[in-house]
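The structure appears below as structure tokens.
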Amino acid sequence: MPYHEFTIDDLKRILREGAGADEGVDLDGDITDIDFESLGYESLAMLETGSRIEREFGVTLDDDTLTDAKTPRALIESVNALLVPAEIG
């Protein structure tokens with residue numbers, strides 16, 4: 001499978017698909033460094049988000065990854081650290 005970097009757009013799409021978006025939060029804005037709790041995503045929503053990321057990107061996220069990643073930037077960096085680019089042959 002070709003390498004696909006996990007981006008902020010991927011995360012926004014997965015958040016919307018899995019848990020929806022809080023009325024008071026504009027996911028189209030720059031949310032990169034806003035903590036998930038302020039965005040309206042509690043632990044259950046983050047577990048659903050993590051499951052969707054795992055299925056779509058073929059990675060395994062441990063519970064610490066999800067609880068330690070307080071912001072979208074931190075989660076994106078954690079997911080990308082698990083993704084391995086396909087070897088060019």
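The values are calculated or read from the model by the stated rules, or taken from the named source; none is laboratory data. If you're wondering where the values come from, they're calculated on a predicted model, not measured in any experiment. Heads up, the Cβs are rebuilt from the backbone with ideal geometry, glycines too, and the neighbour counts pull from every protein chain shown. Keep in mind that these areas ignore ligands, DNA and RNA; they rest on the heavy atoms of the full protein, side chains included. Shrake-Rupley method; radii C 1.70, N 1.55, O 1.52, S 1.80 Å.
Residues in segment 33-55 that are in a helix (DSSP H, G or I) and open to solvent by 80 Å² or more (accessible area, probe 1.4 Å): 43, 44, 47, 55.
Do the conditions hold for residue 59, that is, is it open to solvent by less than 20 Å² (accessible area, probe 1.4 Å) and either within 14 Å of residue 5 (Cβ to Cβ) or at pLDDT 95 or above (or both)? Taking the combined requirement at face value, the residue satisfies it.
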